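Quick note: the coordinates plus some simple rules give every number you see, no bench work behind them. Keep in mind that what you see is a predicted model, and the values were worked out from it rather than measured. Cβ coordinates were reconstructed from backbone atoms using ideal geometry, including for glycine residues, and neighbour counts include every protein chain displayed.
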Amino acid sequence: MKTRYSFGGDEHVFVEIDEEMSLEAFFKSLSMTNAVREAKIAGVTEICPANASFQIKFDPDVIAPNDMMAELKGFEAAAESAEKTISTRIIDIPVLYDDPWTRETLMRFRERHQDPSATDLEYAARVNDFPDVDAFIAAHAAAPWFVSMVGFVAGLPFTYQLVEREKQIEVPKYLRPRTDTPRLTVGHGGCFGCIYSVRGAGGYQMFGVTPMPIYDPKGEIGYLKKLMLFRPGDIIKFRAIDRAEYDDTVAAIDAGRFVPRIAEASFSLDDFTADPAGTNAKLLETLDA
Amino acid sequence: MPEAARSFKVVKPGLATTVQDLGRPGYYHLGLPISGAMDRLALIAANRLVGNEDGAAALEAVFLGPELTFAADALVAVTGADLPPKVDGVEQPGWTAFTVAAGQTLSFGFLKGGARAYVAIAGGIDVPEVLGSRSTYALGALGGFEGRALKAGDVVPLGTANGTGREGASIPPAARRPVANEIRVLPGLYWHRITESAQDGFFEDTWKVAPEADRIGYRFRGGRKLDFVPREQPFGAGSDPSNIVDSCYPYGSIQVPGGTEPIVLHRDAVSGGGYFMIGAVISADMDLIGQLQPHQAVRFAAVTMEDALKARHDETARLKATVPA
């Protein structure tokens, strides 16, 4: 990992932990941003962790840019040797894979896709060497995923699956971005999954939809009083559901009686590296307990 | 006068008229951009003219002004773009406080220069604060008037004026910045990803504002395509040479998808994504972008951090001197 510091204009320091994605880079980013938050440096206005990088926004009238950068560099050594364990939560996300809404949308934008004769799921299954779509969905919904970044638009989680690199699902983005994506689409681009928090443009392959809103600008849904569900460091477990459960969940949300399944969890990167399957099994037990 | 009477009714909404103040900092890590006026100095000037706090909520009208009928007498000022205000058809001076009486209609002539006009009303626009701001973030349907641009028929509530505004107060032309033909940029971020000749070309070429220019970002076209330094793409970055592992996007950052059309992110920025950036517009010049019209030609000028801080200092001084006379 080679960490690189740069200014983004006169109000941001941008820190690229590593050029490539890895859980090690994500943990170092999370650790450094936590250190910045705890240090309560005067002039810092935004602390934004990302997948393998982070960004600090600051007021140069309060702290000089070079001093700001020096402060950040001061956290690097400690972040590298920090214990790579976090207290977090694991969240169950029901998904109706191969749903009618993303299917209708992907058909409208077929000419922007690498393989106009296949659906996004069929294409993703093929380029990742799965025998069929069912096997692909099973892998997508098996191992949990880290929320490695929240952003692009309000409350949208970027997710990174907790599997060895050779098992990572990788798909290119659409050749040209779509102008429409259904709200709550579960998507994938590069090595990252996402859930589209709002309807709009998008370039990720579309695999399904969750019935569970993750952003509520009015704060009316019980579990979305803070408007957004996800924070960087959360862990997601996707779970395949059928149309009946999808409809029941939508009805429960509309009636205000839906409560998402969320459990407190702790995650150790060292444990995971030593035994990915065993560590994931323990995480899922926490959720099912 | 009853509070409910302090309002205006939208007869015609204009193109994309939104409620904006100085924004909603602190939520960028959750994908919520700062929002707020694209031309902050113009918003502050309009507020000062009518006796409001600098950060009171006002209207931002882009290219085409709205038509508003007032329920009660109000002191109004219009700043920013040269979009001539009219009261019952009678033209009023810009950057000057004037009265709109109960029952009268505020409308606008055609745009003569700039892109965004700010309409401040004494007492400010009294929509509810969301996460500490009244600004509209339309992409997230958050804040402002019902999370969206104004529509015909909306009745927009106003706060109570503090009485310090004075009809005829004006801000002299010397205090205003002309529409820019040069935008200053601090190179950085993923600047090393393009070749030296592409780095030179970016600053040599003349760029034109593309029609896709809004509160999220301004797209430019017309300059040469940027060539990339060859590399094997890192894991997770995606296959195009302009792709990076998805990262945060600074405000003002300049991304160039595919190396062809630069996009400068503004107050409603998408907070992150997978395109490399060649640097960022300096804070002192962000207001200027909000006043650029489509098809307008600009050049980007490379500056140092020292230059950027000097420019910021100069803008702070200009803002201090922006007082009604």
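Using only the alpha-carbon atoms of chain B as identical scatterers, what base-10 log of I(q)/I(0) does the Debye formula give at q = 0.14 Å⁻¹? Rounded to two decimals, the profile gives -1.04.
Among the trypsin sites (Lys or Arg not before Pro) within the stretch A:212-285, which fall in a DSSP loop and have no more than 15 other Cβ atoms within 10 Å of their own Cβ? Taking the stretch A:212-285 and a limit of 15 other Cβ atoms within 10 Å, the loop trypsin sites (Lys or Arg not before Pro) found are A:K218, A:K225, A:K226, A:R257, A:R261.
The charge dipole of the stretch B:182-321, taken about its Cα centre with unit charges on the Cβ of Lys, Arg, Asp and Glu (plus for the first two, minus for the last two), comes to roughly 240 debye. Positive end of the dipole of the protein assembly as shown (Cβ unit charges, origin at the Cα centre): among A:G9, B:A152, B:Y249, the Cα lying farthest that way belongs to B:A152. Counting every C-alpha pair in the stretch B:3-171, the share spaced more than 29 angstrom apart comes to 10%.
One equal scatterer on each Cα of the stretch B:139-184, no solvent, Debye formula: the resulting log10 I(q)/I(0) at q = 0.17 Å⁻¹ is -0.94.
Separation of the alpha carbons by more than 22 angstrom is noted, of A:K167/A:K282; B:K86/B:K112; A:K28/A:K226; A:K2/A:K40; A:K226/B:K9, for A:K28/A:K226; A:K2/A:K40; A:K226/B:K9. As a length-normalised measure over Cα pairs under 8 Å and 6 or more apart, the relative contact order of the stretch B:3-171 settles at 32 percent. Decide, for the stretch B:34-76, between rounded, prolate and oblate: order the square roots of the alpha carbon gyration tensor eigenvalues as a ≥ b ≥ c, take rounded if a/c falls under 1.5, and otherwise choose prolate if a/b is larger than b/c, else oblate. Oblate shape, in that a/c is at least 1.5 and b/c is the bigger or equal ratio. Ranked from largest, the principal axis spans of the Cα set of chain A equal 55, 45, 42 Å. Based on the Kirkwood approach, the hydrodynamic radius assigned to the stretch A:4-82 is 12.3 Å, with every pair of different Cα atoms included. According to the calculation over all Cα-Cα pairs in the protein assembly as shown, the P(r) per 20 Å bin from zero is 19, 51, 27, 3 %. Here the Debye sum runs over all C-alpha atoms of the stretch B:189-325 as equal scatterers in vacuum, and log10 of I(q)/I(0) at q = 0.10, 0.19 Å⁻¹ comes out as -0.35, -1.17. Compactness of the stretch A:1-46, taken as the C-alpha radius of gyration over 2.2 N^0.38 Å, stands at 1.23. Kirkwood radius and radius of gyration were both taken over the C-alpha atoms of the stretch B:1-50, and their ratio Rg/Rh is 1.08. With all projection directions averaged, the alpha carbon convex hull of the stretch A:119-224 covers 6.9 nm².
Kirkwood-type hydrodynamic radius, the stretch A:152-282: 16.3 Å, calculated from all non-identical alpha-carbon pairs.
Quick one: of the DSSP bridges fully inside the stretch B:182-321, what percent are antiparallel, nearest 5? Percentage antiparallel, nearest 5: 85.
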